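Below you'll find the structure, written out as structure tokens, and then a few comments.
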Amino acid sequence: MMKTYKIVVLGDFGVGKTSLIRRYVLDEFSDQYRATMGVHLYKHTDRIATEGGQSEIRLVVWDIEGAPLPSGQTQRYVVGASAALVVGDLTRADPYSAMWSAADMFEEQLPGRPMAFALNKRDLSDAPSPDVVKRMERRYDGPVFETSAMNGEGVLHAFHSLGKSILARNL
Amino acid sequence: MSDFSPGGINPEIVLTAMRAVAIRVSEDLTVREVSGDAFDVQIETDVREAIPALYGMEDVLRDGPPISIPFVQLNDDTTPPVTVSSARDKLTGALWLVLRDVSEESEVQRQLVQNHNALALAEAELRAARDAALAADRTKTSFLANVSHELRTPLHVIIGGASILSKPRSTALDPDEVVGYASDMHESGVLLLQLVDDLIDLSRSETGDLTLYEEWCDLNEIVDKMVGLGRELPDAAGVILEAKHIMKAPRVFADGRRIKQILLNLISNAIKAVAQRSDGEVRVSVDRHDDGSACLIVQDNGPGMSEEDLAIAREPFGQPRAAVRSKGAGLGLAIVDRLAKLHGGALIITTEPGQGLRAFVHFDATRFGDKI
Ligand SMILES: Nc1nc2c(ncn2[C@@H]2O[C@H](COP(=O)(O)OP(=O)(O)OP(=O)(O)O)[C@@H](O)[C@H]2O)c(=O)[nH]1
Ligand SMILES: [Mg+2]
């Protein structure tokens with residue numbers, strides 16, 4: 001049987017985790033905020049460009065209840081994840097603190113697993129400061145994407161980069 | 001597990017009452033036994049198909065500590081939210097998974113989370129709005145400081161001059177000096193009046209109280225008059241100030257006094273910009289476009305501005321750098337901009353450092369009484 005990989009999506013509440021996943025999996029968007037309680041699972045099969053051409057990858061994307069600081073429950077949700085997408089909201093006064101906390105927790109639970117970062121709601125906000133982006137990339141060795149679940153910008157790139165890392169490392 | 005043992009509990013009844021199932025799986029995660037029928041779990045299938053939350057957890061299930069995943073729901077809503085936990089049978093060593101329906105707790109909990117989050121987000125938005133208001137307040141404060149400074153300079157000239165002239169000793173001044181003081185005071189008074197007028201216009205335009213008195217005006221005539229006034233401005237000596245007419249000057253339906261104000265502001269800015277040059281030139285013209293619209297154009301060969309300085313110069317509450325700041329607290333462009341907009345037009349400026357500056361005030365075709 002073909003392996004199915006688990007990807008978790010982490011970050012503060014309201015930053016757009018659900019919206020990004022729904023844009024990725026279902027290609028849809030709603031401007032209504034419906035808070036996620038617990039976790040919602042999205043099964044998705046995708047094709048990803050790899051070194052040797054196209055590869056199929058089977059995913060279960062975990063849409064996890066948001067919080068400014070990861071809780072014990074969040075830790076239980078990341079068990080067995082192959083990769084994480086950490087999401088922040090560019091329209092916030094401080095989009096980054098909650099991202100650092102989530103990334104630190106994931107790194108501690110699953111050292112060395114690939115991470116990517118989505119600076120979301122780019123349609124509503126100016127570009128992030130290149131300094132913060134560089135710091136984030138260096139500290140966690142993961143790419144940073146400017147995304148908009150609203151218009152789709154950067155969304156496929158963010159998920160595909162995780163897919164690629166997973167396949168490359170054969171996690 | 002169906003036989004009822006007296007004094008014990010029947011697990012099936014418990015599981016049914018709780019809406020739960022217990023599933024025994026082999027080490028390869030195949031379902032071997034299902035206790036309870038609250039969920040449709042088929043014997044001999046891969047348990048991960050029934051519970052996709054287990055993908056990725058294979059190693060933990062086999063070798064790790066017991067797992068517990070609260071409030072898991074599939075996106076497609078085919079199953080209710082469940083809590084999944086694992087346990088090892090101490091006697092047989094068999095791996096059991098328990099799946100419990102948590103729909104009821106889940107809905108209550110979700111409402112709590114929704115309320116909490118929505119409140120927190122609203123609060124954050126309020127805080128951001130407050131910060132923005134504070135920032136606006138700060139720019140207003142710095143604007144006030146700026147204006148106060150502009151008021152103080154001419155006031156000092158007036159008070160200083162008046163105090164000298166009012167001293168008995170002033171009879172000892174020779175007539176030229178008296179005239180000098182008086183004309184400085186006059187000039188400062190005119191400057192003050194101008195500043196106060198500008199402030200009134202600006203605040204009226206902010207509150208929407210600036211009304212236009214529109215009538216048919218002759219653009220060529222207005223241009224001529226304002227160029228004439230411009231030549232009398234203090235810095236105009238030595239500056240070439242020229243008007244270029246178009247042959248058939250269109251009549252424009254506009255507030256003539258405001259159009260004059262627009263032109264005088266632009267001309268006065270342009271003259272100040274070229275005052276330092278020996279070959280300073282300011283050209284004022286009217287340009288008609290094929291679509292019937294028209295532009296008033298004031299062009300100078302002064303030092304020009306960078307994009308950032310221009311943005312500041314156009315902003316009424318911004319404080320331009322000393323180099324671009326002109327007399328009158330830099331209100332000129334802000335006022336021109338608003339007056340143009342009130343006419344349904346626009347102020348467009350093209351400039352670059354070292355390339356002079358061109359200001360275009362654009363008026364729609366609908367403002368003109370002729371057809372092209
Ligand atoms: N304009 C814009 N709005 C967005 C974007 N992403 C999300 N939103 C809106 O932001 C709100 C929150 O989005 P969600 O996707 O529910 O946020 P979440 O991170 O899943 O929140 P929790 O489930 O509470 O953790 C919703 O009203 C979305 O419509 C975006 O890229 N642009
Ligand atoms: Mg969500």
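The values are calculated or read from the model by the stated rules, or taken from the named source; none is laboratory data. All of these numbers come straight from a predicted model, not from anything done at the bench. Positions of Cβ are backbone-derived with ideal geometry, glycine not excepted, and every protein chain shown enters the neighbour counts. These accessible areas exclude ligands, DNA and RNA; they are computed on the full protein's heavy atoms, side chains included. Shrake-Rupley method; radii C 1.70, N 1.55, O 1.52, S 1.80 Å.
Quick one: if the Förster radius is 56 Å, what FRET efficiency do B:S26 and A:S129 give, using the C-beta to C-beta distance and rounding to 0.05? Working from the Cβ atoms, E equals 0.55.
Projecting the Cα atoms of B:Q109, B:I200, B:G160 onto the charge dipole of the stretch B:107-207 (Cβ charges, centred on the Cα centre) puts B:Q109 farthest toward the positive pole. Remark: the protein assembly as shown carries a charge dipole of roughly 740 debye about the Cα centre, counting +1 on each Lys and Arg Cβ and -1 on each Asp and Glu Cβ. Only the Cβ atoms of Lys and Arg (+1) and of Asp and Glu (-1) were treated as charged; on that basis the dipole of the stretch A:25-171 about its Cα centre amounts to roughly 400 debye.
Report the FRET efficiency, 1/(1 + (r/R0)^6), for B:S203 and A:E153, where r is their Cβ-Cβ distance and R0 is 35 Å, rounded to 0.05.
In this case the efficiency is close to 0.30.
Taking the Cα atoms of the stretch A:4-168, the ratio Rg/Rh between the radius of gyration and the Kirkwood radius comes to 0.93. In the elastic network of chain B, a GNM with C-alpha springs shorter than 10 Å, the most mobile of B:A124, B:A50, B:A145 is B:A50.
Using a probe of 1.4 Å on the protein chains alone, the accessible area found for B:E44 is around 110 Å². Taking the DSSP beta bridges with both ends in chain A, the antiparallel portion is around 40 percent. Over the stretch B:215-369, Cα pairs under 8 Å with separation of 6+ residues give a relative contact order of 25 percent. Here the alpha carbons of the stretch B:215-369 define both size measures, Rg and Dmax, at 14.8, 43 Å. The sum of -39500 (n - 2.57) across all DSSP H runs of n ≥ 4, divided by the residue count of chain A, sets its helix-only mean residue ellipticity at 222 nm to -10000 deg cm²/dmol. Which FRET efficiency value, to the nearest 0.05, do you get for A:E56 and B:D76 by plugging their Cβ-Cβ distance into 1/(1 + (r/R0)^6) with R0 = 25 Å? In this case the efficiency is close to 0.75. In chain B, helices alone account for a calculated mean residue ellipticity at 222 nm of -15000 deg cm²/dmol, with every DSSP H run of four or more residues adding -39,500 (n - 2.57). Once you order the gyration tensor axes a ≥ b ≥ c over the Cα atoms, which shape class does the stretch B:127-282 get: rounded for a/c under 1.5, otherwise prolate or oblate by comparing a/b with b/c? It comes out oblate by the Cα gyration axes. Across the stretch B:107-207, Cα pairs under 8 Å and at least six residues apart give a relative contact order of 28 percent. Rounded to the nearest 5, the antiparallel percentage of DSSP beta bridges internal to the protein assembly as shown is 65%.
Computed over Cα pairs, the Kirkwood radius of the protein assembly as shown leads via Stokes-Einstein (0.890 mPa s, 25 °C) to a diffusion coefficient of 82 µm² per second. Please find, in a Gaussian network model of chain B (springs between Cα atoms separated by less than 10 Å), the residue of B:A313, B:A128, B:A243 whose mean-square fluctuation is greatest. Comparing B:A313, B:A128, B:A243 in the GNM, the peak value goes to B:A128. Compactness of chain B is given as radius of gyration and Dmax, 40.2, 128 Å, from Cα positions.
Could you calculate the contour length gain from B:Y213 to B:R88, that is, 0.36 nm times the residue separation minus the distance between their Cα atoms, to one decimal place in nm? The partial results should precede the final answer.
On the way: separation 125, 0.36 × 125 = 45.00 nm, distance 8.87 nm.
Here the segment from B:Y213 to B:R88 would lengthen by 36.1 nm.
Within the accessible area of the protein assembly as shown, what % is carbon and sulfur when the probe is 1.4 Å and the other protein chains stay in place? Reported share for carbon and sulfur atoms: 53 percent.
Between chain B and chain A, the total buried accessible area stands at approximately 2400 Å², from heavy atoms with a 1.4 Å probe. Tally Lys/Arg at +1 and Asp/Glu at -1 over every other residue whose Cβ is under 10 Å from the Cβ of A:H160; what's the total? Every neighbour counted, the sum reads +1. Averaged over the residues of peptide A:34-47, the number of Cβ atoms from other protein chains lying within 10 Å of each residue's Cβ is 6.
Looking at chain B, what % of its DSSP beta bridges pair antiparallel, to the nearest 5?
Values: 46 of 51 bridges.
Once the DSSP bridges in chain B are tallied, antiparallel ones form about 90 percent.
The Cα atoms of the stretch B:107-207 give a gyration tensor whose axes a ≥ b ≥ c have a/c of 1.5 or more with a/b greater than b/c, which makes the shape prolate. In the context of the full set of protein chains, residues of chain A present 45 Å² of accessible surface per residue (probe radius 1.4 Å, heavy atoms only). Centre-to-centre, using Cα atoms only, the stretch B:244-284 and the stretch B:159-201 are separated by 29 Å.
Kirkwood analysis of the Cα pair distances in the stretch A:102-171 returns a hydrodynamic radius of 12.9 Å. Taking the chain by itself as reference, the stretch B:83-125 contains these residues with an accessible-area loss of 30 Å² or more in the full protein complex (1.4 Å probe, heavy atoms): B:R110, B:V113, B:Q114, B:N117, B:L121. Here the stretch B:110-258 is treated with +1 on each Lys and Arg Cβ and -1 on each Asp and Glu Cβ, and its dipole about the Cα centre works out to around 560 debye. All other residues whose Cβ lies under 12 angstrom from that of B:I262 are scored, Lys and Arg at +1 and Asp and Glu at -1, for a net of +2.
Selection among B:A346, B:L263, B:F368 by position relative to the dipole of chain B gives B:L263 as farthest towards the positive end (Cβ unit charges, Cα centre).
Restricting the calculation to Cα atoms, every distinct pair contributes to the Kirkwood radius of the stretch B:34-109, found to be 13.4 Å. Measuring nothing but how far apart in sequence close Cα pairs (under 8 Å, 6+ apart) lie, relative to its length, chain A scores a relative contact order of 26 percent.
Using a probe radius of 1.4 Å on heavy atoms only, what accessible surface per residue do you get for the stretch B:107-207? Whole Å² is fine.
69 Å²
Using the alpha-carbon atoms, what tilt in degrees (0 to 90, nearest 10) does helix B:332-342 show relative to the longest principal axis of chain B? The two axes meet at around 70 degrees. For the residue pairs B:K225/B:K260; A:K17/A:K43; A:K6/A:K164; A:K121/B:K140; A:K3/B:K90; A:K17/A:K134, the C-alpha atoms sit more than 19 angstrom apart in A:K121/B:K140; A:K3/B:K90; A:K17/A:K134. Proximity of backbone amide H atoms, modeled 1.01 Å from N, is registered between A:E146 and A:L119 at under 5 Å, excluding neighbours fewer than 5 places apart on the same chain. Here each label is just a point 7 Å from Cα along the line to Cβ, and for B:T141 and B:T153 those points are 2.4 nm apart.
The residues of the stretch A:66-84 listed by number as losing at least 20 Å² of accessible area in the complex, against the isolated chain and with a 1.4 Å probe, are A:Q73, A:R76, A:Y77, A:V79, A:G80.
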